[in-house]
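The values are calculated or read from the model by the stated rules, or taken from the named source; none is laboratory data. A quick note: this is a predicted structure, and the numbers were derived from the prediction, not measured. Positions of Cβ are backbone-derived with ideal geometry, glycine not excepted, and every protein chain shown enters the neighbour counts. Ligands, DNA and RNA are stripped out before the accessible areas are found, and what is left, the full protein with its side chains, is counted by its heavy atoms. Shrake-Rupley method; radii C 1.70, N 1.55, O 1.52, S 1.80 Å.
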Amino acid sequence: MIIGKYPSLRLRRSRKNDWSRRLIEENNLTPNDFILPIFIKNGKNSKQPIKSMPDVYRYSIDRLPYVIDNALKKGLPMVALFPSTETKKKDLVGSEALNDDNLVCNALKLIKKKYKNEIGVMCDVALDPYTSHGHDGLRNSGYVLNDETVNILIKQSLLQAQMGCDVLAPSDMMDGRIGEIRKSLDKNGFKMTQILSYAVKYASSFYGPFRDAVGSKGQLKGDKKNYQMDFRNSDEAIREVALDVKEGADMIMVKPGLPYLDIIKLIKENFKIPVMAYQVSGEYSLLSNGISKGLIDKNVILESLISFKRAGANAIVSYYADRLDKILK
Ligand code: PBG
């Protein structure tokens with residue numbers, strides 16, 4: 001609907017001055033809009049650069065207080081933990097996922113003891129950081145088995161909830177896992193543990209640097225197309241979300257972010273639920289490398305992040321989350 005007519009109406013009038021542009025802004029970012037992913041590793045007093053992700057590090061557990069203190073100082077509501085598991089601890093069935101002494105469990109114990117409910121902690125539910133083949137579940141002749149995998153994910157979820165995880169985030173794309181995980185959480189006294197379902201996760205080449213960060217890259221056999229979504233589809237995204245909402249998901253993740261703004265908008269408009277966008281590792285690395293090579297200026301970061309808000313995302317998982325104040329200055 002267009003009301004008004006040139007020359008009595010000139011849209012450039014309201015764009016002329018900065019104060020006026022600020023006055024009519026429709027979207028903005030605050031620290032509440034961000035979730036900070038943190039990569040954790042074994043060892044002591046270790047902060048290890050990740051080659052494919054400039055300025056992102058893997059931290060040993062004893063270094064986590066520095067990272068969390070900074071996240072709190074920046075006003076971030078939640079962090080997300082991702083383990084970089086030693087190769088020798090990986091096997092065909094991802095046993096290490098169920099070890100209550102694994103990296104994620106130890107990180108949860110430390111953070112929840114020291115920070116209580118000052119900050120939310122979200123954990124991935126999936127087996128790929130723990131399997132020797134790099135897939136999110138059990139495999140049989142190259143096919144990732146659904147129900148057998150869900151049985152393990154239920155246990156992984158319960159364990160993480162017991163260790164104090166606030167938000168379980170199944171990122172595995174198995175069918176039916178949200179309902180099963182919700183049932184088991186409720187039965188075992190974790191009625192208030194939230195589920196953020198990666199309901200819409202596409203089989204994407206934008207995850208490359210992440211797989212490097214968690215050490216599953218060299219190991220990954222084949223691709224993830226028999227469980228992650230086909231990027232040619234969007235009706236299917238609605239069906240995925242509808243199922244997960246019915247099964248008890250509190251929030252929905254769309255992933256990757258930038259190439260899927262239409263999906264964020266579609267889900268928000270159809271379901272009116274909290275929708276999170278994941279600005280994934282490939283998006284991060286492309287922007288960061290483009291900026292450091294002088295190909296584009298750093299304002300592309302703000303421009304990309306605002307596009308998620310414009311599309312309707314409530315919050316954004318971003319590797320820039322803890323440095324935005326500096327970057328945007
Ligand atoms: C695995 C998982 C992936 C990411 C988050 N959890 C990668 C994958 O599915 O292969 C990707 C995040 C990123 O690229 O930043 N369950």
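Set side by side, the residues GLY218, GLY222 differ, and just one is within 13 Å of the ligand (Cβ to nearest atom), in a loop (DSSP other than H, G, I, E, B) and over 20 Å from the mean Cα position of the chain (by Cα), which is GLY222. Among the residues of segment 244-264, is any farther than 25 Å from ASN32 by Cα and either buried (at least 17 other Cβ atoms within 10 Å of the Cβ) or more than 16 Å from the ligand (Cβ to nearest atom) (or both)? The answer is yes, given that some residue of segment 244-264 is farther than 25 Å from ASN32 by Cα and either buried (at least 17 other Cβ atoms within 10 Å of the Cβ) or more than 16 Å from the ligand (Cβ to nearest atom) (or both).
Restricting attention to segment 270-286, does a residue exist that is away from the ligand (no atom under 16 Å from the Cβ), surrounded by fewer than 16 Cβ atoms within 10 Å (Cβ to Cβ), charged (D, E, K, R) and over 27 Å from ASP250 (Cα atoms)? Within segment 270-286 (the criterion being away from the ligand (no atom under 16 Å from the Cβ), surrounded by fewer than 16 Cβ atoms within 10 Å (Cβ to Cβ), charged (D, E, K, R) and over 27 Å from ASP250 (Cα atoms)), the answer is no, since none of the residues qualifies. Among strands (runs of 3 or more DSSP E) entirely within segment 1-84, having at least 3 residues that are within 16 Å of the ligand (Cβ to nearest atom) and open to solvent by 20 Å² or more (accessible area, probe 1.4 Å) singles out 53-60. Considering only segment 108-131, state which residues are open to solvent by less than 40 Å² (accessible area, probe 1.4 Å) and either assigned to a loop (DSSP other than H, G, I, E, B) or within 16 Å of the ligand (Cβ to nearest atom) (or both). Passing the criteria: ILE119, VAL121, MET122, CYS123, ASP124, VAL125, ALA126, LEU127, ASP128, PRO129, TYR130, THR131. The residues in segment 309-327 that are touching a Leu at 6+ places or on another chain (Cβ under 6 Å), among the aliphatic types (A, V, I, L, M) and open to solvent by 10 Å² or more (accessible area, probe 1.4 Å) can be counted, and the count is 1. Taking the conditions exactly as written (within 13 Å of the ligand (Cβ to nearest atom) and of a type in the set (D, E, K, R)), does LYS329 satisfy them or not? Spelling it out, it is not the case that LYS329 is within 13 Å of the ligand (Cβ to nearest atom) and of a type in the set (D, E, K, R).
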